[in-house]
Amino acid sequence: MTKLSVNINKIALIRNARGSNYPDLLQVAADCEEFGAQGITVHPRPDQRHVRFDDIPSLKQVVTTELNIEGYPSREFLQLVLKNRPHQCTLVPDAPEAITSDHGWDTVKHQQFLQQTVKELQDQGIRVSLFIDPIPERLEAAKETGTDRIEFYTGPYAHLMQQTNSLSSTVEKEAARSEAVIPFSEAAAFCRHLGLGINAGHDLNLDNLRYFKQHVPGLLEVSIGHALVCDAIYYGLKNAIQLYLRELE
Ligand code: PXP
């Protein structure tokens, strides 16, 4: 089973636009769960433009499924995570000014730092996942850090899948789709061999999610924010979540 963790950063972004508590982030988190989401993800960034550091303690109280806090492991971020003890912490190598995450860890280069950080989190009972590209030597180095899981950065997959929309031949389309997913299928097989749990996220949407799920065996969790919230504008939050869950069946 692949769990759907809804990233609610965009909800916080809308709330912050007016300085009031509308929409109510905690209510949205609870509603996402009621509508079927099996997890809630937040990504507090240093500028706190979406989820703020002070949202985390109340979210921890409200979330009854799994809370996943993702972000760059600065000392400030780690203190927040260690204090609030979410079910999972996903470490992401994004720069403070990043608009969104756009690459995974170079786990070979940062192995020692990651190893220490993973241990610090695991010692507090927090499951750890490392955001990563599907590159065998980086997966091997990820394993060496002691992490429980990796999260595949699926941006390049989503980009290639979108390009296939302009192809009219079914054969060409399938070949291009296959090319987009193969690095992840192969990396997933390698993760299973290494004993690493597999999550995935970034730019996943209703057009590309099912194909990814079908071709990446052992996918434990996807975290989806931007597209799901955009779809909720048209379909409503409950329908949007149900549509994503259907793709994961
Ligand atoms: N995973 C990570 C590590 C991310 O940084 C993000 C974006 O905050 C996501 C998943 C979700 O990406 P999207 O908003 O495109 O669904």
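The length gained by stretching the chain between Asn165 and Val108 to full extension, at 0.36 nm per residue less their Cα-Cα distance, is 17.0 nm.
Here the contact order of the stretch 1-121, divided by its residue count and restricted to Cα pairs under 8 Å and six or more residues apart, works out to 20 percent. Considering only alpha-carbon pairs that sit under 8 angstrom and 6 or more positions apart, the relative contact order computed for the stretch 120-249 is 22 percent. The figure for Lys143 is an accessible area of roughly 80 square angstrom, using a 1.4 Å probe on the protein chains alone. Close amide H partners of Thr90, meaning residues 5 or more places away or on another chain with modelled amide H under 5 Å apart, are Ile69, Glu70, Gly71, Ser129. Summary of the geometry: the stretch 53-130 and the stretch 184-249, compared by the centres of their Cα atoms, lie 20 Å apart. Note on the chain: helix-only mean residue ellipticity at 222 nm, from DSSP H runs of 4+ residues weighted -39500 (n - 2.57) and normalised by residue number, equals -14500 deg cm²/dmol.
Heavy-atom accessible area, probed at 1.4 angstrom with all protein chains present, ranks Arg177, Arg45, Arg75 as Arg75, Arg177, Arg45, highest first. Solvent-accessible surface of the stretch 96-211, averaged per residue with a 1.4 angstrom probe and all protein chains in place: 50 square angstrom.
Remark: accessible surface ordering of Val51, Val62 (largest first) is Val62, Val51, probe radius 1.4 Å. Near Ser223, once Lys and Arg are set to +1 and Asp and Glu to -1 for all other residues with Cβ below 12 Å from its Cβ, the sum equals -3. Applying the Karplus relation 6.51 cos²θ - 1.76 cosθ + 1.60 with θ = phi - 60° to the stretch 196-206 yields 3J(HN,Hα) values of 9, x, 10, 10, 8, x, 3, 6, 6, 8, 5 Hz, where x marks Gly and Pro. Rounded to the nearest 10 square angstrom, Glu186 shows an accessible area of 120 square angstrom against a 1.4 Å probe. Of the beta bridges in the chain, as assigned by DSSP with both residues counted there, near 0 percent are antiparallel. Using heavy atoms of the protein chains and a probe of 1.4 Å, the accessible area assigned to Tyr235 is about 110 Å².
The values are calculated or read from the model by the stated rules, or taken from the named source; none is laboratory data. Source: prediction; values computed, not measured. Virtual Cβ from ideal backbone geometry, glycine too; neighbours counted across all protein chains shown. Accessible surface areas use protein heavy atoms only, side chains included; no ligands, DNA or RNA. Shrake-Rupley method; radii C 1.70, N 1.55, O 1.52, S 1.80 Å.
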